[in-house]
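Here is the structure we will look at, set down as structure tokens.
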Ligand code: IVH
């Protein structure tokens, strides 16, 4: 036993260190594959030895399926915000005030103002015990489970850390991850996030931590609070925190004069685009902590710090027209075409409008003089109009009633911002969009077929439905322009190879609205073959923790469509993977035994327990009957189940007992 514990401990510290190298230092020293192998090893050992469970084990980074409404927590010290300044004079005023109050030389630390969402992290004896959002500054949401999935946040500290510590910082979503996430959202018919800040804040409040684990979040810390160490300066505390394993920005600078401060501002105003994440200004802090204490706080802000907000660069232009783009799921997105205008170093011609609500709020008219703004964001947005400059007779922009591509009346679902074209089978961009999605890398990954080939095959009437790919013959392709024998052969081979793509990716490739990569995996796990999924009722779908009404309805609608059913049947007959591949069980400890689980459990989510039972040869039943061998009972189990189990003499066992059953026979 001691041996196992040692092995687990070693794996945990090894993986903690690799996480730190990868996510904090950006300097991985082992391959991803090696990392995955070690992680799997640890997961297996932890499953076999629940007595050594640790809520801060690296395995907890993957999140779980438990859905949550957040508990409220009162901050030990209120999370104040900073007073804002917007111009040079206000910064001079801040400096003069400090000079007067302190009446001795002082240093200012300039830091970047990260544009995300504030977080408070509490560590006890080096372990992360709680993470909370700012909320109203006094009370915030307990988002610990979600925050644990962010790899750059240490779950265990290293070095000489204080026994009790609060770290504050910003959870951000780097731009590259933000763009990828938005592209995925647009792909599946979701409205994209307006900016990385909203995406970070929204991700942190997701109900399922396994969904959060998929979001590209990062965290930079900028404030150390502890009674256990007497730091002299703020920069000292940051340097220490770096040694404990936190990601601290390397871009802070000590300034001794007001000119140094302006140099820092000018430098970053110009260079902010070179950072991988958004900043919306600069923060100035008095470095000496005794001085900070002397200056104290007002009701809302510290007196020893202030922020300077970059002005979002604005320009005026004229709205020429609105283009309406139809995506593969039929969502119609308006895009504003404007007279070209110089803005923040680039020429801007188009601005995104996201949906009809924005057009209504702005009361846009064609020919209007519009104010475009480019904050930290890459895509400029229209933030206002100058009504006085509206030309005589200008027509208000009206969202079209019919699809600009196929003329079908558009529909808008109650409570949703988007308009859809319902002509799934006859609207060209929807058809080609679906075909392109099907062959794309994360779906069937048919590399030999790109967008242009799809368009060409569609034009030549060789494909119109995704199952048509599997009807293509070498001769069909040889007749096409630009197809030599070799490239035609490549296409056919790619199509053939795709028959091996596993079931969850096939589900994603079908292009069911709102079913992205993650949702497809969740659905595949809950319904291990396509027939089960196609026959699932809405209630059954809603029983899955991560599946809400919108996704459930979308799945129901997809399989209610005869055209789709025909396609799915054809794909199955062509030999595509339409069921979860059989897994070799971890052990046969529970072979021949059937289980029902009920209630909530201390160490595992219900889905995890289900998986454990099945991986060890047991069978899951949905209801108690005379065939049930065990009822695994957690907290808050319904009295009816308990009564039924007693009546039928079904043994009632705890989570721990289940683990014993698994471990006794498991090697
Ligand atoms: S210090 C008591 N430093 O800006 C001082 N804040 O209104 C605590 N922020 O809510 C804040 N970058 O979320 C500080 N380098 C930085 C920051 C920063 C971003 C955010 C923070 C805070 C808001 C200020």
**Request:** Determine which member of the set 297, 246 is within 16 Å of the ligand (Cβ to nearest atom) and within 27 Å of the chain's Cα centre (by Cα).
**Result:** 246
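Rundown of residues vs (1) more than 29 Å from the chain's Cα centre (by Cα); (2) surrounded by fewer than 15 Cβ atoms within 10 Å (Cβ to Cβ); (3) within 16 Å of residue 91 (Cα to Cα), yes/no style:
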| position | (1), (2), (3) |
| --- | --- |
| 302 | yes, no, yes |
| 307 | no, no, yes |
| 326 | no, no, no |
| 346 | yes, yes, no |
**Complete:** The residue that is farthest from the ligand (Cβ to nearest atom), considering only those in the range 202-243 that are in a helix (DSSP H, G or I) and under 23 Å from residue 545 (Cβ atoms), is 210
**Fill in**
Residue count, the range 1-29, condition in contact with a helix residue (DSSP H, G or I) (Cβ under 6 Å, 6 or more places away or on another chain) and farther than 16 Å from residue 152 by Cα, comes to 3
**Prompt:** Taking into account only those residues within the range 111-145 that are more than 10 Å from the ligand (Cβ to nearest atom) and in contact with a helix residue (DSSP H, G or I) (Cβ under 6 Å, 6 or more places away or on another chain), which is nearest to residue 163 (Cα to Cα)?
**Reply:** 130
**Prompt:** Taking the stated definitions as given, is residue 292 more than 14 Å from the ligand (Cβ to nearest atom), in contact with a strand residue (DSSP E or B) (Cβ under 6 Å, 6 or more places away or on another chain) and in contact (Cβ under 8 Å) with a residue 24 or more places away in the chain?
**Reply:** no
**Request:** Pick out, from the range 19-131, the strands (runs of 3 or more DSSP E) lying fully within it that include 1 or more residues that are under 21 Å from the mean Cα position of the chain (by Cα).
**Result:** 108-114, 117-124
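Of everything in the range 541-556 that's part of a helix (DSSP H, G or I) and touching a residue at least 12 places away in the same chain (Cβ under 8 Å), which residue is nearest to residue 497 (Cα to Cα)?
Quick first cut of the range 541-556, residues part of a helix (DSSP H, G or I) only: 541-542, 549-556.
With the extra rule that they be touching a residue at least 12 places away in the same chain (Cβ under 8 Å), the set shrinks to 541, 550-556.
Numbers: 541: 31, 550: 33, 551: 30, 552: 31, 553: 32, 554: 29, 555: 27, 556: 30 Å.
For the range 541-556, the residue satisfying everything is 555.
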**Prompt:** Residues in the range 69-88: is at least one surrounded by fewer than 19 Cβ atoms within 10 Å (Cβ to Cβ), more than 16 Å from the ligand (Cβ to nearest atom) and within 18 Å of residue 306 (Cα to Cα)?
**Reply:** yes
**Item:** Out of 334, 276, 340, sole residue that is more than 21 Å from residue 109 (Cα to Cα), within 16 Å of the ligand (Cβ to nearest atom) and at pLDDT below 95
**Value:** 276
**Item:** The listed residue being at pLDDT below 90 and surrounded by fewer than 16 Cβ atoms within 10 Å (Cβ to Cβ), out of 373, 392, 416
**Value:** 416
**Request:** Identify the single condition in (1) within 28 Å of residue 513 (Cβ to Cβ); (2) in contact (Cβ under 8 Å) with a residue 60 or more places away in the chain that residue 386 does not satisfy, given that it satisfies every other one.
**Result:** (1)
**Fill in**
Residues in the range 268-318 that are in contact with a helix residue (DSSP H, G or I) (Cβ under 7 Å, 6 or more places away or on another chain), over 21 Å from residue 381 (Cβ atoms) and part of a loop (DSSP other than H, G, I, E, B) total 4
**Asked** Of all residues in the range 249-264 being more than 14 Å from the ligand (Cβ to nearest atom) and part of a helix (DSSP H, G or I), which is farthest from residue 94 (Cα to Cα)?
**Response** 263
**Complete:** Taking the range 33-68 and the residues there that are modelled with pLDDT under 80 and touching a strand residue (DSSP E or B) at 6+ places or on another chain (Cβ under 9 Å), the one that is farthest from the ligand (Cβ to nearest atom) would be 65
**Complete:** Here the qualifying pairs (Cβ atoms under 6 Å; residues six or more apart or on different chains; first in the range 3-25 and more than 24 Å from residue 246 (Cβ to Cβ); second surrounded by 13 or more Cβ atoms within 10 Å (Cβ to Cβ)) come out as 4/49; 5/52; 8/45; 8/52
**Message:** Six or more apart or on different chains, Cβ atoms under 6 Å: show the pairs whose first residue is in the range 245-273 and within 14 Å of residue 285 (Cα to Cα) and whose second is within 16 Å of the ligand (Cβ to nearest atom) and in a helix (DSSP H, G or I).
**Reply:** 253/264; 255/261
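Going residue by residue through the range 188-201, is there one that turns out to be within 16 Å of the ligand (Cβ to nearest atom), without any contact (Cβ under 8 Å) to a residue 12 or more places away in the chain and either closer than 22 Å to residue 142 by Cα or assigned to a loop (DSSP other than H, G, I, E, B) (or both)?
Taking the range 188-201 and keeping what is within 16 Å of the ligand (Cβ to nearest atom), we get 195-201.
Remaining after also requiring without any contact (Cβ under 8 Å) to a residue 12 or more places away in the chain: 198.
Of the ones still in play, those that are also either closer than 22 Å to residue 142 by Cα or assigned to a loop (DSSP other than H, G, I, E, B) (or both) are 198.
The answer is yes; a qualifying residue exists.
Take the range 354-365 and flag every residue that is crowded, with 17+ Cβ neighbours inside 10 Å and either in a loop (DSSP other than H, G, I, E, B) or modelled with pLDDT of 90 or more (or both).
Applying the first criterion (crowded, with 17+ Cβ neighbours inside 10 Å) to the range 354-365 yields 354-356, 358-359, 362, 364-365.
354, 355, 364, 365, listed by residue number.
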**Complete:** Filtering the range 620-653 down to residues that are under 36 Å from the mean Cα position of the chain (by Cα), in a loop (DSSP other than H, G, I, E, B) and exposed (fewer than 14 other Cβ atoms within 10 Å of the Cβ) yields 622, 623, 636, 638
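The values are calculated or read from the model by the stated rules, or taken from the named source; none is laboratory data. Source: prediction; values computed, not measured. Glycine gets a Cβ as well: all are built from the backbone with ideal geometry, and neighbour counts include every protein chain shown.
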